[in-house]
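Below is one structure, written out as structure tokens; the observations come after it.
The values are calculated or read from the model by the stated rules, or taken from the named source; none is laboratory data. Not measured: the values here are computed from a predicted model. Cβ coordinates were reconstructed from backbone atoms using ideal geometry, including for glycine residues, and neighbour counts include every protein chain displayed.
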Amino acid sequence: MKNTETDTETGTQRLSLDQLQRWEALKFGLFIHFGMSTFTGEELPSGTQPSTQYAPDRLDVDQWVCVARDAGMKYAVLTAKHVAGHCLWPTKLTDYHVGTSGHTADVVEAFVKACEKRGVLPGLYYCSWDNHHRFGSLTPSDYMRLYPDRKFDCVSQLREVYTTREYQDFQSAQLGELLTQYGKIAEVWIDIPGLLPRGCRNDLYRQIAQWQPEAVIMMNHGIGDGSDLRVHYAWPTDLVSIERFLPNSHTGHVKWREVEGRKYYLPGETCDPIGREWFFTEDDAPRSDEELLGMYLAAVSRGTNFLLDVGPDKHGLIHGKFIGALRRLRSNLDKLGL
């Protein structure tokens, strides 16, 4: 369907067109990958590292949010828990969290407060792939260890991995902590949602909507240009993610979709790192000024928001090489009147 149908259609999605279009008007956000992976140097740690290995010595969450604000970003999404399973808040459901680590600050609390202070909307990311809290689950890491000669893809090989009901209850309870203890959250980002059965995703979506009724809920569709709506993997959702790609150059992002016989208005969000890695590594450099400008222009002109990832370093600071790249991007956008 053409996007002009927004003039006459309302759709059957949970949020109104007005609410979703206000989110779209934000256009530019900061993705913040920070946690145990920052200290292991691995995107997908084993989950066996001691909590004390997480140990930033100059943690400044307010700096992250100021960087976002100064770059013209209107919202930010923080990885509250990634694949390592280490939690950036003092959860009561496990001892694998900042409270038992090398730096005990509640990063989620500091992040939400900094966003409120600096006029940036806060979002929280939670990963369903957890290598520390398995509860009998078989994670993609387990599969790759058992079958090192086989290529694994989360979207196409879901039958090979699974989560148990105990883990699913754990995830729901942790999200309950995140979404009831820290105030208003603008976006809730669930990664690798296909590890949860459809019924579990349905229940989780409804529960998130009860905890944060005005938040947009992202069930990540995974790597791709957003052309395919992966209902078996990432439904229900309020948004369509476009990861490591740009929106389809021929169609742009198609916002009106039909899912199981109903029409939905589904905005898109393009996400990619400022360099090549989601988490900070010493040898990762920002992309060229021309590439970053092109990524922004393509994402926004093709009808999506642009969520640009910048990972803080082991000190707990956004590195100067990335701040410089963001400043130049802001300057180039200003020159274009954007």
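I'd like to check which helices (runs of 4 or more DSSP H) are fully inside the stretch 1-98 and have at least 1 residues that are among the β-branched types (Val, Ile, Thr). Give the steps one after another, and end with the answer.
Values: elements: 17-24, 36-40, 61-70.
Helices (runs of 4 or more DSSP H) meeting the threshold: 36-40, 61-70.
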Those residues of the stretch 318-338 which are surrounded by fewer than 20 Cβ atoms within 10 Å (Cβ to Cβ), within 24 Å of residue 187 (Cβ to Cβ) and under 21 Å from the mean Cα position of the chain (by Cα), in sequence order: 323
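Just to be sure, is residue 247 closer than 24 Å to residue 33 by Cα, part of a loop (DSSP other than H, G, I, E, B) and modelled with pLDDT of 95 or more?
Details: closer than 24 Å to residue 33 by Cα: yes; part of a loop (DSSP other than H, G, I, E, B): yes; modelled with pLDDT of 95 or more: yes.
For residue 247, the condition - closer than 24 Å to residue 33 by Cα, part of a loop (DSSP other than H, G, I, E, B) and modelled with pLDDT of 95 or more - is met.
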Residue match in the stretch 14-24 (condition: surrounded by 15 or more Cβ atoms within 10 Å (Cβ to Cβ), touching a strand residue (DSSP E or B) at 6+ places or on another chain (Cβ under 7 Å) and among the acidic types (Asp, Glu)): yes
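Given the condition under 20 Å from the mean Cα position of the chain (by Cα) and not small (Gly, Ala, Ser), answer yes or no: does some residue in the stretch 51-58 qualify?
Step one: list which residues in the stretch 51-58 are under 20 Å from the mean Cα position of the chain (by Cα), which gives none.
No, every residue in the stretch 51-58 fails to be under 20 Å from the mean Cα position of the chain (by Cα) and not small (Gly, Ala, Ser).
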Residue ID - surrounded by the most Cβ atoms within 10 Å (Cβ to Cβ), chosen from residues in the stretch 150-186 that are of a type in the set (Asp, Glu) and at pLDDT below 95: 160
Hits in the stretch 101-111 - residues which are over 10 Å from residue 77 (Cα atoms) and buried (at least 16 other Cβ atoms within 10 Å of the Cβ): 101, 105, 106, 107, 108, 109, 110
Which numbered condition residue 180 misses (of (1) assigned to a helix (DSSP H, G or I); (2) more than 28 Å from residue 24 (Cβ to Cβ); (3) not small (Gly, Ala, Ser)): (2)
Residue within the stretch 262-276 that is within 16 Å of the chain's Cα centre (by Cα), under 19 Å from residue 43 (Cα atoms), part of a loop (DSSP other than H, G, I, E, B) and of a type outside the set (Lys, Arg) present: yes
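Count, please, the residues in the stretch 182-201 that happen to be within 19 Å of the chain's Cα centre (by Cα) and within 19 Å of residue 230 (Cβ to Cβ). Explain how you work it out, then say what you get.
Step one: of the stretch 182-201, the residues within 19 Å of the chain's Cα centre (by Cα) are 182-196, 201.
Within this subset, residues satisfying the condition of being within 19 Å of residue 230 (Cβ to Cβ) are 188-196, 201.
Of the residues in the stretch 182-201, 10 are within 19 Å of the chain's Cα centre (by Cα) and within 19 Å of residue 230 (Cβ to Cβ).
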Some residue of the stretch 241-249 being of a type in the set (S, T, N, Q) and within 25 Å of residue 131 (Cβ to Cβ): yes
Among the residues listed as 83, 98, the single one being in contact with a Gly (Cβ under 8 Å, 6 or more places away or on another chain), buried (at least 23 other Cβ atoms within 10 Å of the Cβ) and either under 30 Å from residue 141 (Cβ atoms) or free of Cβ contacts under 8 Å to residues at least 40 places away in the same chain (or both): 83
Pairs with Cβ under 9 Å, 6+ apart, first in the stretch 123-146 and on the phi > 0 side of the Ramachandran plot and at pLDDT 95 or above, second among the polar types (S, T, N, Q) and assigned to a loop (DSSP other than H, G, I, E, B): 135/163; 135/164; 136/163; 136/164
Tally of residues being in contact with an Asp or Glu (Cβ under 7 Å, 6 or more places away or on another chain) and of a type in the set (Lys, Arg) across the stretch 7-57: 1
Every residue from the stretch 212-235 that is surrounded by 19 or more Cβ atoms within 10 Å (Cβ to Cβ) and either aliphatic (A, V, I, L, M) or touching an Asp or Glu at 6+ places or on another chain (Cβ under 7 Å) (or both): 215, 216, 217, 218, 219, 220, 222, 234
